[in-house]
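Bear in mind that the values in this text are calculations on the coordinates, not laboratory data. Small disclaimer: the values here were computed from a predicted structure and weren't measured. Cβ sites come from the backbone with ideal geometry, for glycine too, and all protein chains shown count toward neighbours.
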Amino acid sequence: MQLKEVGEFGLIDLIREGTIVNPENIIVGIGDDAAVYLPGHRQLGLLTTDMLVETVHFDLTKTTLWQLGYRAIAVNLSDIAAMGGNPRHAVVSIGLPRQFSVEQVVELYQGMKEICHEFGVNIIGGDTVASPRGMVINVAVVGEVEPVNLLRRSGAKAGDLVVVTGTLGDSACGLDLLLRPGWEEYEFAWPLVTAHLTPRPRVSIGRKLAGWGATSCDDISDGLASEAHELAKASQVGIRLYEERVPLSADLLQAADLLGKAALDYALYGGEDFELVFTIPPEISAELLAAELPFTVVGEVTEPAAGVVLVGRDGQAVLLEAKGYNHFR
């Protein structure tokens, strides 16, 4: 069925079903001029937004609409996680080419609703317009955090440890594989492609970091090198990273060899892993790092004059450039 057959308001009625996962604080959802919700008692409000543009952020020949919808929400939840927050509500605006069918839009929203159900997030509004060129998706997410649990990029102190969650570089390598014909025949490629198309935001870990004593945090959307510079700048410190400590998956190592690229470069500069990088005082880190959690200490915080450096396997330290993904570079 074509979009012109149902119209904008018919489409809204169609996608409204299943958008409210947690109705406790919702007064008015989709269907009025504005959504109405009750903020949590003694909570700080968090607000983040991300825009995905066809041919810039995604290629519809390389991803399903379900995966695209899932990812559009995930990247925003990762921002809330980096602040130590709990995501609550999402607002979704989409620009659609006129040739899109109703079924395609439904598939897109099914992906969004899937991850929203996983994390208890309501879709409470947005806008739907025609796009003369490609598809555009803009998602805004509202979250909440207790004042004592708020995490920022600032706060790191000299002597703190630098810690990351998960493995790094998988998403960027997955994108390179998607662009290579025949990638499906390699078993190691599937986890990497999945990491790119449907990233898993670290919401539960982000919620606990402040209580564990984390002093600063950022999500790894532009590569570890770029995020290390962000933390260093915001906290007015230096950061020293160690090449041998950066967690690289076995799948990444195999894929990088196939592609003729350095696995470490994917981790440092690739981006879109949506893991967390945080700092924590060494005296309170032992119990946390001993827990069975996906944490790796990759470096330490130093004095500001030291800058951001990478220590190679040969022990040589070099200044690390902040050359992760940048739209206007």
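Tabulated data
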| read-out | value |
| --- | --- |
| Estimated vicinal HN-Hα couplings, Hz - region 242-248 in sequence order (Karplus 6.51, -1.76, 1.60; Gly, Pro = x) | 10, 3, 5, 9, 5, x, 10 |
| Kirkwood Rh in Å, taken over all unlike Cα pairs in region 165-321 | 16.2 |
| Placed amide H near LEU276: partners under 5 Å, 5+ positions off or other chain | THR165, ILE220 |
| For ILE26, ILE80, order by how many other beta-carbon atoms lie within 10 Å, fewest first | ILE26, ILE80 |
| GNM top mover of GLN254, GLN236, GLN110 - the chain, alpha-carbon springs below 10 Å | GLN254 |
| Peptides ranked, highest mean first, by Cβ atoms within 10 Å: ranges 261-271, 203-213 | 261-271, 203-213 |
| Backbone HN-Hα couplings from phi across region 63-71 [Karplus 6.51/-1.76/1.60, Hz, Gly and Pro as x] | 9, 7, 5, 4, 4, 5, x, 4, 5 |
| Rounded FRET efficiency, nearest 0.05, which uses the C-beta distance separating THR194 from ILE12 and R0 of 45 Å | 0.90 |
| Debye log10 I(q)/I(0) at q = 0.07, 0.10, 0.11 Å⁻¹ for the chain, Cα point scatterers | -0.30, -0.62, -0.74 |
| Proxy reagent accessibility, fewest Cβ within 10 Å first, across THR128, THR279 | THR128, THR279 |
| Convex hull volume per residue in cubic angstrom - Cα atoms of region 1-80 | 142 |
| Calculated [θ] (222 nm, deg cm²/dmol) that DSSP helices of n ≥ 4 give over the chain, each run adding -39,500 (n - 2.57) | -10000 deg cm²/dmol |
| Overall Cα dimensions of region 3-148, principal axis frame, Å, largest first | 48, 30, 23 |
| Region 135-153 residues near the modelled LEU47 label - backbone nitrogen below 20 Å, point 7 Å along Cα→Cβ | 137-147, 150-153 |
| Per-residue ³J(HN,Hα) for region 15-27, Karplus 6.51 cos²θ - 1.76 cosθ + 1.60, θ = phi - 60°, Hz, x for Gly and Pro | 8, 5, 4, x, 7, 9, 8, 10, x, 3, 10, 9, 9 |
| Using alpha carbons only: equivalent-ellipsoid semi-axes of region 95-246, gyration tensor based, whole Å | 33, 23, 15 |
| Region 265-293 versus region 197-257: alpha-carbon centroid distance in Å | 5 |
| Nonlocal amide H pairs with ILE239, under 5 Å, H built at 1.01 Å | THR302, GLY307, VAL308, VAL309 |
| Over region 74-157: Rg over Rh, Cα atoms, Kirkwood Rh | 1.09 |
| Computed lengthening from THR55 to VAL28, 0.36 nm per intervening residue step minus Cα-Cα distance | 6.2 nm |
